[in-house]
Structure formats: C-alpha cells, structure tokens
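The values are calculated or read from the model by the stated rules, or taken from the named source; none is laboratory data. Note that this is a predicted model, so its numbers are computed, not measured. Here Cβ is always computed from backbone atoms with ideal geometry, including for glycine, and neighbour counts include all displayed protein chains. Heads up: the accessible areas ignore ligands, DNA and RNA and are worked out on the full protein's heavy atoms, side chains in. Shrake-Rupley method; radii C 1.70, N 1.55, O 1.52, S 1.80 Å.
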Amino acid sequence: MCKFVFDFLFSYKKAHDIYKEVIVRGNKIKWIILLVLFTFPSAFLFSQAEQTQEILEKNQTGVVHLTVLGDDKEIISEGSGFVVEQGVMATSYLLVSQAKSVAGKNFKGKKVKIEGILAVDKNLNLALLKIKGKTPALSMGNSDELNMGKKVYAIGSDKTGEIGASEGTVRNILEIEPTKRFVETSLSIPQSFDGAPLIDVNGKVLGMIVFLERRLKFILPSNLMKTVQKKSLVKFKDYQHEDYLATFEGAYLAGKVASLLDETGRAQIYLEKVIELSPMNIEPISLLASVYNRQRNYQKAASAYQKVIELDNNRDDAHYQLGIVNLRLGKYRDAIAPLQKAVELNLDHKDAHFYTGNAYKELKEHAKAVEAYENYLNLKPEDPWEGYYRLGLCRIELKQLEEAITALNEAAKEKPQDIKTNYYLAQAYDQANQYEKAEETYKLLAKLSPEEADKYYKTILFMYDKAGNHEKAIEAARSIIELKPDSTGDIYNLGLMYQKLKKYDEAIKTFNEVLAINPADEYSHSSIGYIYYIQKKYNKSIAAFKKFVELSPDNADGWFYIGICNMQLKKFDAALEPLKKTIELRLDYSNGNAIYNLAICYLNLHDNYSAKELYNKLTGINPQLAQKLKQHIR
C-alpha cells in the first residue's frame, strides 16, 4: 500500500492508542465521548482512503516516476508521466525540455526505458515520449465531464519514486482562450506530480497535472491532449534543449495561468518577458494591462492599454479599460474620449455611458453627466440603481429638483432600504419645499438606521425651523428627546423652538430642565434672561444674565442686557458698569448701541462731559445714532 494512504491509517491507530492509554487513567465518560469524536470522522475518512487506495491499485501500473538528467548525469528535475497508448507516454514538456536523458521507474521500482521525444506542444506544455517495454496504457476519458465539484484523483510519484494517490474536487474552470479551458482542483499534491494523470472514479484519464511553478498548478484536459499527434522519434541528446519558461510559448502560458490564478506578481514577470520577446504581439500586452490594473498599478495599466490601441485602434475593450483606468487615476477629462470610443465600436458597452457620466460628474459638468446617465439608463441595464442615484445627484446640483426626485424615487424602487438614496431623496424634497415628504423620508431613514435616528430627527427639526414651521420643529425635537432624554443640547433646541413660537413659559420651563442637568449651561441662562427681558421682567432678566456672565465673562451680550434692564428700571447708576464692560469687550457693539445707551445713562446722571466723550466715539461708528445722541446733549 502507498505512503499517502498509510498516512491516514497511522493517524487512526495513534488516536485509538491514545484512547486506550487515557481510559486506564480514569475519567471514563469524558474519553468515551472523545472516542466518539475520533471514530465518526475517522470512519468517514477511512471510507475515503479505501476508495483512493482502490483507485491507486487499479491504475498505478500505467504511471511512471521520471528522473530528468543533465550532461553529467546530474538530476535536473523529477516528476511523473503516464502511458496513453502502447509505447507512448505523456508528461509535462517543462519537465523534459532540458533533458539529456530521462530515467523511468514504475510502481514496483522497476526501470522503464525512455527513448526520446515523439511530439511536443509548447502551447499546452505537453510532451509525448517514446518508451520501451509493455507498460500498460491508461484509458483516456472525456474531459468535458470535468464539471465544478466533480470528484477526481491524482496518481503520481514523490521524489523517492514511490507512486501514490490523492483525492480532490474540481474547483474552477480557467478559460485560457475562448476555445481552450484548463481546470483548477483542490488536490493537495507535491510538485513531483508534474506530468501525472488526473482520473475519475472509473479510472478514465480526464487530464494531466501541470506544475509550471509551485503555485502555478493546473490540469491540462484530456481532450486537448488528444489533439497532439505523434511525430518521428528524436533522442534526448539530439533534441534542441531550452528553458521552456524563458521561451515565448512557456512564458506566455505561465503568464496566462498566473493571471487566472490571481498570482499577479508572477503573471507580470512572465508577461513582461513575453513582450520583451515579441514587442508587437497585442494579446500579451492586453493581458499585462489587465494584470497591472488588478495590481492597482494604474499608470502602467494606462500605458499598456494605450499601446494596445496604437497597435489596433478598433479594440473596444482596450478603449473601455483605458477610460476606467483614467478614472481611477483621477484623470477624468482623459477618461471621456476612450469611453465614448468604446461605445462607438461596441454598443454592448452600456457601462461606458455610466462611467462617462461619472467623469463629467467629477468635473462638475453636471448637464453632460445627466446626458450620459440617461443614455446608460435608456439601454435598460440589469442593475440601474446607481445610474438613477447618480442622475438624481446631478439633477440636485442643477437645481432640477422635480427631475431629481423622480430619479431618486426610481433608485429607491431598486434599493428601498439604501441609506444614501433615501437621504438625498429627502434632501431633494426639502429643497423643493415638499416638507411632509421630506419628513416622511427622514423618518424612514431613522427606522433603517436606528443608531443615527437622532441625526435624522435633528434634520427634520432644522428643516422646519428654517421653513418657519416651529410647531413641526417641536414635534421633531420631542422625538429626539425621547431617544436621548439626558441630552442637554437637544432639550435646549426644544426650548428654542418654544421661544420662537413665543410660548415663553414653556421655553423657560424647558431651559430650566437643561439647567437641572447642567447648571453651568450658559446658553440656557442667556435664553432665560432674554425671554424675561421681552416679558419686561427686568429683575429676573438681570439675575439670569448675571449667571450667564459668571460663566461667560467675555461675552458682551450678557453685560449689555444687564445694563439695558437696569436702564428700564431707571437704575442708571447700576447700568454704567455693565455697559462700560460691553464697550470694553466690543467698542462697536450693536453698531454703537452700547455707547449710545451708556451716554444716555450719563445724561440721566447729569454727566454731560462723559456723554460728550461717548458722542465723539460714536460718530466714527454710527454717525446717524451719534446725531440722535447729540440732540440730547446740552
């Protein structure tokens, strides 16, 4: 039995021995449970191992371990091969491309003589070798059966020459060319399986395993292998040896495979080599451009796509990709022409209209962006959401609010719960003065994003405040407080709305609720003071503003209202210092009103001299008010 299958049997025996050892030590129940955990997966694995072993035993006779030797009989590489018909073996061309001789060994360890090369297909990395003896051939199957998830087996050799088997499934189909597909599997196998057969449960060969590098592994389908015809025998010593991966065909194949396996670094190296060997070959340049693109090396990608266009100006795919790359580079103006050319060459490039719109939008040429987005949407794309969404944004910028609302409603039909779409729809309603619909949409946003509900209700509050509908603003403010009952800023906003509605008692009550939470809230003291001033409750206003200036001594407003309230109470002497403080903080406060009122206080206190001094200051700030003051000065 082979090494690979025995790996499992050893693990199973080891687990069983551990169980026996531990159960002697006690805690029987715990370890019986552990045995169950070992047993069920192991039974399943044992069934798999039995099947793999059966496949191996039935098919290993047709598989040969290959040792590739150089000029001095040194080992160059080792791999696998398999017999496809009497006297003919298939293997990886990379494996034997530099061979001076090749030694073969079958599963019993007996030598298999390899006489030379019968055929090579460098585009497939396939070599057919002439062998001597009666090594039985494996049966070739139909590789069209290699569908996703299909169970497959690999039979190959390790470096010791021992033949073993591994089980896996088809993981991916790699389209190398429109009519040429390779296969990716989940097989976990060593690189010495290069050239080994991939077979199904019935022993039919469905392909050959190829390792171009450790990470560049794929399956060459059997149907492609059948296209290679035998030619005259060429002895290894007479063959023109080469480093396959340094040739155009080898490097190009490796580049294509690496690209499909998303090994972009390796793909870049091989494809740059290909272009060095054949600078005017358009397909490798195009593929390298796509590799640069995936690497986000957009500058190189743009240069490569430009080279493709220079070689063939009718390559719509190159024009399209050049436009996309220029967008990513932020070269919005440069993106437009290639995108438009792509559409001109191929009407199927619906997305080119969309990306043209994006370029114009970034350039703030919103009218042209609208035209491009409408062209895109007229082509009935499968997913029109972003087209309608961006069209709506451009319409908002153009102040075409009804059209913006129509577009954003279409976007919302596609994605009813999309935050961005509904937000800008609400904004469009707001700007179009359709406040109830805006409110409805903001409330939907609050439901869709509960953690940000307060933000949307604040937007409703500010919307109605701006519109002068303070009753609706109060409703929004109350909703916010329900969400955040201890938020002093939000409670204050409610008080401010009451104040704007001249519901002064409710406003003062609300501001006092803020102060109950935070006695140092200067704005609440200021607002209370202002309301009392309006209500002509001057003593209460003074008390509130005094608390305000204690908290904010450099705010001229508080000092001014303390002075004005004292004037209203005919306490002109008490008004002097607050008004002086106001002027000290801001000489031109209220366009000279603080100077004027301080001068009036001096006049009432019979201090004409001080009033005249203030008159002189006021003339440079507000001549009309100074003239009014002059009429009171004797």
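Summed over all non-identical Cα pairs, the Kirkwood treatment of the range 102-190 gives a radius of 15.6 Å. The value of relative contact order for the chain, using C-alpha pairs under 8 Å at least six residues apart, is 5 percent. Of interest is the spacing of the C-alpha centroids, which for the range 466-480 and the range 536-553 amounts to 28 Å. With R₀ fixed at 51 Å, the C-beta to C-beta distance from Glu310 to Glu452 puts the FRET efficiency at about 0.50.
For the range 112-154 and the range 339-395, what is the separation of their C-alpha centers, rounded to whole Å? Centre-to-centre (Cα) distance: 51 Å.
Over the C-alpha trace of the range 333-393, radius of gyration and Dmax come out as 10.5, 29 angstrom. Put simply, the amide H of Gly116, placed in the peptide plane, has neighbours under 5 Å in Lys130, leaving out anything fewer than 5 places away on its chain. Of the peptides 426-432, 230-236, the ranking by mean beta-carbon count within 10 Å, highest at the top, reads 426-432, 230-236. Scanning the chain for DSSP H helices at least 24 Å long along the axis (C-alpha atoms) with a Kyte-Doolittle mean no lower than -0.5 picks out 3-25, 28-59.
Based on the reciprocal of the average 1/r between different C-alpha atoms, the Kirkwood radius for the chain equals 33.4 Å. Paramagnetic label reach from Glu440 (point 7 Å along Cα→Cβ; backbone nitrogen cut-off under 18 Å): within the range 402-428, residues 402-418, 421-428. Give the residues of the range 597-628 whose amide nitrogen is closer than 16 Å to a point set 7 Å from the Cα of Gln568 in the direction of its Cβ. Hits in the range 597-628 for Gln568 at 16 Å: 597.
For the range 559-619, the gyration tensor built on C-alpha atoms gives an oblate shape. Its axis ratio a/c (a ≥ b ≥ c) is at least 1.5, and a/b is not larger than b/c.
Just the accessible area per residue of the chain, please: how many Å² with a 1.4 Å probe? On a per-residue basis, 50 Å². Extending 7 Å from the Cα toward the beta-carbon at both Glu402 and Phe462 defines two label points whose distance is 2.9 nm.
Give me the base-10 log of I(q)/I(0) for the range 217-319 at each q in 0.23 Å⁻¹, Debye formula, one uniform scatterer per Cα, rounded to two decimals. Reported log10 I(q)/I(0), two decimals: -1.18. Within a Cβ distance under 11 Å of Ala302, other residues only, what is the Lys/Arg minus Asp/Glu net charge? For residues surrounding Ala302, the net value is +3. Compared with the rule-of-thumb size 2.2 N^0.38 Å for a compact globular protein, the range 477-634 has a Cα radius of gyration ratio of 1.20. Of all DSSP-defined beta bridges confined to the chain, some 95% are antiparallel rather than parallel.
For the peptides 175-181, 163-169, residues were scored by their other Cβ atoms within 10 Å and the scores averaged per peptide; the highest-first order is 163-169, 175-181.
The Kirkwood hydrodynamic radius of the range 361-412, based on inverse pair distances between different Cα atoms, is 10.6 Å.
Classify the range 52-170 as rounded, prolate or oblate from the Cα gyration tensor: take a ≥ b ≥ c as the square roots of its eigenvalues, call it rounded if a/c is under 1.5, otherwise prolate when a/b beats b/c and oblate if not. Here the range 52-170 falls in the prolate category.
Between Asn409 and Ala432, full extension at 0.36 nm per residue minus the direct alpha carbon distance yields a gain of 6.8 nm. The slack between Gln299 and Lys110, meaning 0.36 nm per residue of separation minus the straight C-alpha distance, is 62.3 nm.
Residue separation of Glu145 and Ile269 scaled by 0.36 nm, minus their Cα-Cα distance, works out to 41.3 nm of gained length. Tell me whether the range 438-509 comes out rounded, prolate or oblate; compute the Cα gyration tensor, take square roots of the eigenvalues as a ≥ b ≥ c, and use a/c under 1.5 as the rounded threshold. In terms of gyration-tensor shape, oblate. Calculated on the alpha-carbon coordinates, the convex hull of the range 457-565 measures out at 95 cubic angstrom per residue. With K and R counted +1 and D and E -1, the other residues having a Cβ less than 9 Å from that of Ile131 yield a net charge of +2. Taking Lys and Arg as +1 and Asp and Glu as -1, the other residues whose beta-carbon sits under 12 Å from that of Ala438 total 0. Working from Cα pairs under 8 Å separated by at least six residues, relative contact order for the range 498-634 is 14 percent. If I take R0 = 45 Å and measure r between the Cβ atoms of Lys159 and Leu347 in this structure, what FRET efficiency does the formula 1/(1 + (r/R0)^6) give, to the nearest 0.05? That gives a FRET efficiency of 0.20. Only helices enter this figure: runs of n ≥ 4 DSSP H residues, each worth -39500 (n - 2.57), summed and divided by the residues of the chain, yield -18500 deg cm²/dmol at 222 nm to the nearest 500. Once the Cβ-Cβ distance of Asp607 and Asp554 is raised to the sixth power relative to R0 = 35 Å, the FRET efficiency obtained is 0.80.
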